[in-house]
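Take a look at the structure below.
The values are calculated or read from the model by the stated rules, or taken from the named source; none is laboratory data. Everything quoted here is computed from the prediction, not taken from an experiment. All Cβ positions, glycine included, derive from the backbone under ideal geometry; neighbour counts span all protein chains shown. Just the protein is used for accessible areas: all its heavy atoms, side chains included, with ligands, DNA and RNA removed. Shrake-Rupley method; radii C 1.70, N 1.55, O 1.52, S 1.80 Å.
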Amino acid sequence: MKHQWEEHENCQKLHCPICDGGLSVCKVCGLIEGSLTTDCPGYPCWAEKNEAIYQGKIDFVNGQWVEQSSPHSPAYYQTTRS
Ligand SMILES: [Zn+2]
Ligand SMILES: [Zn+2]
């Protein structure tokens with residue numbers, strides 16, 4: 001499945017990172033920009049996985065966790081640059 005982006009209607013928050021900052025947050029898995037997987041795992045896994053995804057160690061593709069860098073991870077850009 002695809003990530004479902006959190007959106008605020010009539011957001012009252014001052015300097016909301018999502019509405020003002022354009023931050024992408026998935027309301028299903030809770031992952032955010034930089035620690036996003038290719039596909040959505042479909043359950044809340046931010047606390048458990050965000051660090052490993054951010055470091056480019058794991059990704060979630062075609063319904064399973066794989067040991068590769070997510071294209072959203074900052075580590076991914078480093079591997080394409082070198
Ligand atoms: Zn998601
Ligand atoms: Zn907002």
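Return the residue satisfying two criteria in turn: it lies in the stretch 20-45 and is polar (S, T, N, Q) and crowded, with 20+ Cβ neighbours inside 10 Å, and of such residues it is nearest to ligand 1 (Cβ to nearest atom). The selected residue is T37. Taking the stretch 3-19 as the range and being in contact (Cβ under 8 Å) with a residue 12 or more places away in the chain and either in a loop (DSSP other than H, G, I, E, B) or surrounded by fewer than 11 Cβ atoms within 10 Å (Cβ to Cβ) (or both) as the test, the residues that pass are H3, Q4, E6, I18.
Remark: G42 matches the filter, which requires a residue to be part of a loop (DSSP other than H, G, I, E, B) and either more than 16 Å from ligand 2 (Cβ to nearest atom) or under 10 Å from the mean Cα position of the chain (by Cα) (or both).
N50 meets all of the listed conditions (1) open to solvent by 80 Å² or more (accessible area, probe 1.4 Å); (2) not in a loop (DSSP other than H, G, I, E, B) but one, namely (1).
For the stretch 50-70, enumerate the residues that are within 20 Å of W5 (Cα to Cα) and touching a strand residue (DSSP E or B) at 6+ places or on another chain (Cβ under 8 Å). Residues satisfying the conditions are N50, I53, D59, F60, S70. Go through the stretch 20-35 and report how many residues are part of a strand (DSSP E or B) and within 18 Å of G56 (Cα to Cα). The number of residues fulfilling the criteria is 1.
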